[in-house]
Amino acid sequence: MPLFILYWVLIAVMLVGIVGAFVPALPGIGLILTAVLIWSLVTGFASTSWALGTAVVVLVLSLGVNYLAAYLGAKRVGASSWGQAGSIIGLIVGFLGLLPALPVGGPLLGILLGTMLGAFIGEFIYRREMKISERLKFSGKVSLAVVVSSLIGNIIEGMLALTAVVVFVLTTWPTVSVPGS
């Protein structure tokens, strides 16, 4: 495969990675790092040091951002570890489709609903000392905070992914030889 075609295939993979960084359940920054690594190996690491370094830093940051966003969002509203654990269990159950069959949205909607429901149930179980009405209100507040903070984390992760791709294109495009030139 000519390098020019490989370059565009890798750019397409990176675009899927950007979408995956914004949307849970799709591969994201890992795809971008893999594409940068492939290009680096094929070109003998010529002019890819910035792109590779940026992709690695973005991957590490994105792992921290996702965890930190959900954690801080939950802690900000006073969630217990039960609510946080419930949100993680709900996310997994929702992704795997163990929630009742959803006519629309599939795993993406399952992740959202599972996370909310898991956080709600976990917090509701933990707060037994509260009156039922207070438990319901507080558990709802926690479940909403977990989802909103996770969405904010995904937006930040998507922006980081976009940064990695832009750095890749800016640092490697001048080295790509266009056929016929």
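The values are calculated or read from the model by the stated rules, or taken from the named source; none is laboratory data. All values reported here derive from a predicted model rather than from experimental measurement. Please note: Cβ atoms are built from the backbone with ideal geometry, for glycine as well, and neighbour counts cover all protein chains shown.
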Please go through (1) over 21 Å from the mean Cα position of the chain (by Cα); (2) assigned to a helix (DSSP H, G or I) for ALA79 and return the number of the only condition it doesn't satisfy.
(2)
For MET130, are the conditions met, namely being at pLDDT 85 or above, of a type in the set (A, V, I, L, M, F, W, C), surrounded by fewer than 17 Cβ atoms within 10 Å (Cβ to Cβ) and touching a helix residue (DSSP H, G or I) at 6+ places or on another chain (Cβ under 7 Å)?
yes
Just the residues that are of a type in the set (Ser, Thr, Tyr), assigned to a helix (DSSP H, G or I) and in contact with a helix residue (DSSP H, G or I) (Cβ under 7 Å, 6 or more places away or on another chain), please, taken from the range 42-70.
THR54, SER62
Is it the case that ALA161 is closer than 16 Å to ALA69 by Cα and surrounded by 15 or more Cβ atoms within 10 Å (Cβ to Cβ)?
no
Can you report the number of residues in the range 5-27 which are touching an Asp or Glu at 6+ places or on another chain (Cβ under 9 Å) and either within 11 Å of VAL165 (Cβ to Cβ) or of a type in the set (Asp, Glu) (or both)?
1
Look at the range 36-49 and say how many of its residues are of a type outside the set (Val, Ile, Thr), in contact (Cβ under 8 Å) with a residue 40 or more places away in the chain and surrounded by 14 or more Cβ atoms within 10 Å (Cβ to Cβ).
2
Filtered residues of the range 168-181 (kept if surrounded by fewer than 20 Cβ atoms within 10 Å (Cβ to Cβ) and in a helix (DSSP H, G or I))
VAL169, LEU170, THR171, TRP173, PRO174, THR175
What's the number of the only condition in (1) surrounded by 14 or more Cβ atoms within 10 Å (Cβ to Cβ); (2) of a type outside the set (Lys, Arg); (3) without any contact (Cβ under 8 Å) to a residue 12 or more places away in the chain that VAL65 fails to meet?
(3)
Matching residues in the range 1-39 - criterion: being under 30 Å from LEU96 (Cα atoms) and not aliphatic (A, V, I, L, M)
GLY17, GLY20, PHE22, PRO24, PRO27, GLY28, GLY30, THR34
Of the criteria (1) within 22 Å of VAL56 (Cα to Cα); (2) surrounded by fewer than 20 Cβ atoms within 10 Å (Cβ to Cβ), which one VAL148 fails:
(1)
Of a type outside the set (Phe, Trp, Tyr) and not in a helix (DSSP H, G or I) - does that describe any residue in the range 148-162?
no
With respect to SER133, determine if the residue is touching a residue at least 40 places away in the same chain (Cβ under 8 Å) and polar (S, T, N, Q).
no
